[in-house]
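> Pasting a structure below so you can have a look.
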Amino acid sequence: MSARPRILFVRHGETDWNVEGRLQGQKDIPLNALGRIQAE
């Protein structure tokens with residue numbers, strides 16, 4: 001019997017664009033202060 005694969009979901013911390021409701025995906029937007037805390 002083979003082992004079941006493990007699936008991990010990872011979400012980035014908050015950015016200013018999240019707060020503003022802007023779409024992201026093409027640019028590397030830095031984390032804001034809360035996002036840096038969330039990443040710790």
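> Give R36, R4 a once-over and let me know the one that is among the charged types (D, E, K, R) and either touching a residue at least 60 places away in the same chain (Cβ under 8 Å) or not in a helix (DSSP H, G or I) (or both).
On the way: R36 fails: either touching a residue at least 60 places away in the same chain (Cβ under 8 Å) or not in a helix (DSSP H, G or I) (or both).
None of the others qualify; the one that does is R4.
> Could you grab me the full set of residues in the stretch 7-35 that are surrounded by fewer than 13 Cβ atoms within 10 Å (Cβ to Cβ), under 11 Å from the mean Cα position of the chain (by Cα) and modelled with pLDDT of 95 or more?
If the condition is that a residue be surrounded by fewer than 13 Cβ atoms within 10 Å (Cβ to Cβ), under 11 Å from the mean Cα position of the chain (by Cα) and modelled with pLDDT of 95 or more, then P30 is the only one that fits.
> For a quick check of your reading of the model, give me the residue pairs whose first member lies in the stretch 11-28 and is closer than 21 Å to E40 by Cβ, whose second is of a type in the set (G, A, S) and in a helix (DSSP H, G or I), with beta-carbon atoms closer than 7 Å and at least 6 apart or on different chains.
Pairs found: G13/G35; G13/A39; E14/G35; T15/G35.
The values are calculated or read from the model by the stated rules, or taken from the named source; none is laboratory data. Quick caveat, the model's predicted, so the values are computed rather than measured. In this analysis, Cβ positions are derived from the backbone assuming ideal geometry, glycine residues included, and neighbour counts consider all displayed protein chains.
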